[in-house]
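Have a look at the structure below before the remarks.
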Amino acid sequence: MTQLGTKENPLRVAIIGAGPTGFYAADFLLKHKNYVIQVDMYDRLPTPFGLVRGGVAPDHQKIKTVTKAFDKTAKHPNFRFFGYVELGKDVVVADLRQHYHQILYTVGASTDRKLGIPGEDLIGSRTATEFVAWYNGHPDYRDYEFNLDSHENVAIVGVGNVAVDVARILCRTQGELNETDIADHAQAALARSSIKNIYMLGRRGPAQAAFTNTEVRELGELLGADTVVLADEAKLDPLSQQELTVSNDRLLNQKVEIIQEFTHKPRTDKPRTLTLRFLVSPVELIGDENGHIKAMRLVKNELYQAERGGLGARATDQFEELPVTLAFRSVGYQGVPLADVPFDAKRGVIANQGGRVIDLESKQPILGEYTAGWIKRGANGIIGTNKPDAVETANAMLADMAEGKVLNPTAPTAAAITAFIAARQPCYFTYDDWSTLDKLEVSKGEAEGRPRYKFTQIADMLAAVGKL
């Protein structure tokens, strides 16, 4: 047989998940000079780009321009997209093994971590994950309801970039939202919002806040809300001050300065107030007689030097109640298992070593299976962080191929794969189908002075490209 990785016998790779990590891996593999590699990318949604489409805030359009690079990758003659094909439903891992030499899982982290406190299941206790997906028009969350007109006080647990996104969207004016691609149902709900006070809660201090400088600085420029920080919570404790001095981290120093500047900003007559709190943790959500949240019980924290390095937070004997009726938890995304793929439940990732999927018992690599991105390492970093992660896994794939450690598919031709997918999911989306949908969204958006008008229901997507 002709050597693998040649024009006559290309290395065939299936990438499961069409988010940034999948595209970064595809781009790296397709550009390899010494091997001919053909990549088929799958996603359970008809639309590609993962969290860039469904997670990046609608008022951050510049970040979404990364999809232009993904478009270039998709135009490579050895790239194909199979959208609206779900692993575990339309196809299973055993099917992929019959058609590909290697399988790469880049499905991200689609659920959220829990707080683990009493009252977490009360009405009004929601997740940032579902709220973000809802206002971004993700089909899975299209029919969720957020009755923002029945709340005045809202808490967001967490001080990462996602928490900032949630706070910022709740604070935006209608004029600002009119210039975004926010989903219509979300914009209508936000127009009816009666929210006046938003509290972002961080369990550690300003120096340990996870949000970026750009994100927190933007909170001081909101047209519809004053941003407030309590002076005693903005002040660094001795351990944080020492950490800051030793690290000499310029960006971290700037972040602390930005936060502390909020303590001096005068209040205005803006309709909302966003308060950043530090060194507090929720210990209970308190409900009323109807099972709705009526308050959140907080404990004051203090920092200590953790044994494994860094500063940890521990509770003191000081408590307070925050009179909120809506609470979003934003304490991190977490991966969910894929059918027939080893999963490390403790870490919330696919079990792997350097991107090679491993057997849970033997801890040995499983032939031909790999992972990258958040489902490989956990949900951390920004979009660009996934590029070196994807390259690390792709290099492991190439190294294994060079050693002959690949699957032995029985039907690896492009025609056989297309026929198989068409039989399992006749309504699958090609990249041309997505391009058609993309043009329709952009065209309708431009007519309304917006970046795009999103399709938010799969049936409408299928109909728009003649699949229904």
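Taking every residue in segment 434-456 that is touching a residue at least 60 places away in the same chain (Cβ under 8 Å) and closer than 17 Å to Lys68 by Cβ and pairing it with any residue that is aromatic (Phe, Trp, Tyr) and not in a loop (DSSP other than H, G, I, E, B), at least 6 positions away or on another chain, the pairs with Cβ-Cβ distances below 9 Å are Trp434/Phe81; Leu437/Phe429.
Where helices (runs of 4 or more DSSP H) sit wholly within segment 353-464, those with at least 1 residues that are among the aromatic types (Phe, Trp, Tyr), closer than 26 Å to Gln38 by Cβ and not assigned by TED's automatic domain parsing to the domain that holds Val159 occupy 374-377, 414-424, 431-447.
Residue-by-condition table, conditions (1) among the aliphatic types (A, V, I, L, M); (2) modelled with pLDDT under 95; (3) closer than 22 Å to Ala379 by Cα:
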| residue | (1), (2), (3) |
| --- | --- |
| Phe49 | no, no, yes |
| Phe70 | no, no, yes |
| Arg97 | no, no, no |
| Ser110 | no, yes, yes |
| Pro118 | no, no, no |
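No other residue among Thr73, Thr106 is buried (at least 23 other Cβ atoms within 10 Å of the Cβ) and either in contact with a Phe, Trp or Tyr (Cβ under 8 Å, 6 or more places away or on another chain) or of a type in the set (Val, Ile, Thr) (or both) apart from Thr106.
The condition of being over 30 Å from Ala183 (Cβ atoms), within 26 Å of the chain's Cα centre (by Cα) and aromatic (Phe, Trp, Tyr) holds for only one of Phe81, Phe28, that being Phe28. Considering each residue of segment 196-210 in turn, at least one proves to be assigned by TED's automatic domain parsing to the domain that holds Gly312, part of a helix (DSSP H, G or I) and among the aliphatic types (A, V, I, L, M).
Regarding segment 211-219, can at least one residue be identified that is closer than 24 Å to Val132 by Cα and not in a helix (DSSP H, G or I)? Yes, some residue in segment 211-219 is closer than 24 Å to Val132 by Cα and not in a helix (DSSP H, G or I). Considering each residue of segment 293-303 in turn, at least one proves to be assigned by TED's automatic domain parsing to the domain that holds Val162, touching a helix residue (DSSP H, G or I) at 6+ places or on another chain (Cβ under 8 Å) and either at pLDDT 95 or above or part of a strand (DSSP E or B) (or both).
Scanning segment 393-408 for residues that are surrounded by 15 or more Cβ atoms within 10 Å (Cβ to Cβ), of a type outside the set (Val, Ile, Thr) and in contact with a Lys or Arg (Cβ under 9 Å, 6 or more places away or on another chain) yields a total of 4. Just so you know, in segment 350-373 the residues that are without any contact (Cβ under 8 Å) to a residue 40 or more places away in the chain and of a type in the set (A, V, I, L, M) include one that is surrounded by the fewest Cβ atoms within 10 Å (Cβ to Cβ), and it is Leu360. On the stretch given as segment 231-284, residues that are outside any loop (DSSP other than H, G, I, E, B) and not hydrophobic (A, V, I, L, M, F, W, C) total 25.
Condition check ((1) in contact with a helix residue (DSSP H, G or I) (Cβ under 9 Å, 6 or more places away or on another chain); (2) within 24 Å of Pro426 (Cβ to Cβ); (3) of a type in the set (Val, Ile, Thr); (4) surrounded by 22 or more Cβ atoms within 10 Å (Cβ to Cβ)) across all residues:
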residue: Gly22; (1), (2), (3), (4): yes, yes, no, yes
residue: Val39; (1), (2), (3), (4): yes, yes, yes, yes
residue: Arg80; (1), (2), (3), (4): yes, yes, no, no
residue: Gly83; (1), (2), (3), (4): yes, yes, no, yes
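Quick check: anything in segment 259-275 in contact (Cβ under 8 Å) with a residue 60 or more places away in the chain and under 26 Å from the mean Cα position of the chain (by Cα)? Taking every residue of segment 259-275 in turn, at least one turns out to be in contact (Cβ under 8 Å) with a residue 60 or more places away in the chain and under 26 Å from the mean Cα position of the chain (by Cα). So Phe49 ticks every box in (1) closer than 30 Å to Cys171 by Cα; (2) assigned by TED's automatic domain parsing to the domain that holds Gln353; (3) surrounded by fewer than 19 Cβ atoms within 10 Å (Cβ to Cβ); (4) free of Cβ contacts under 8 Å to residues at least 40 places away in the same chain but one. Which box is left unticked? Failed condition: (3). Here are some residues: Pro323, Pro342. Which one is modelled with pLDDT of 95 or more, surrounded by fewer than 20 Cβ atoms within 10 Å (Cβ to Cβ), outside the structural domain of Pro238 (by TED's automatic domain parsing) and out of contact with any His (no Cβ under 6 Å at 6 or more places or on another chain)? Of the residues listed, the single one that is modelled with pLDDT of 95 or more, surrounded by fewer than 20 Cβ atoms within 10 Å (Cβ to Cβ), outside the structural domain of Pro238 (by TED's automatic domain parsing) and out of contact with any His (no Cβ under 6 Å at 6 or more places or on another chain) is Pro342. Set side by side, the residues Tyr35, Tyr42, Tyr24, Tyr84 differ, and just one is in contact (Cβ under 8 Å) with a residue 60 or more places away in the chain, under 21 Å from Pro337 (Cα atoms) and not β-branched (Val, Ile, Thr), which is Tyr84. Return yes when Tyr35 is hydroxyl-bearing (Ser, Thr, Tyr) and under 19 Å from the mean Cα position of the chain (by Cα) and no when it is not. For Tyr35, the condition - hydroxyl-bearing (Ser, Thr, Tyr) and under 19 Å from the mean Cα position of the chain (by Cα) - is not met. The set of residues in segment 175-212 being surrounded by fewer than 16 Cβ atoms within 10 Å (Cβ to Cβ), modelled with pLDDT of 95 or more and among the polar types (S, T, N, Q) consists of Ser194 alone.
For segment 3-52, give me the residue count where each residue is touching a Leu at 6+ places or on another chain (Cβ under 8 Å), charged (D, E, K, R) and not in a loop (DSSP other than H, G, I, E, B). The number of residues fulfilling the criteria is 0.
The values are calculated or read from the model by the stated rules, or taken from the named source; none is laboratory data. In this text the structure is predicted, and so the values were computed from the model without any measurement. Quick reminder, even Gly has a Cβ in these numbers, built from the backbone with ideal geometry, and neighbours come from all protein chains shown.
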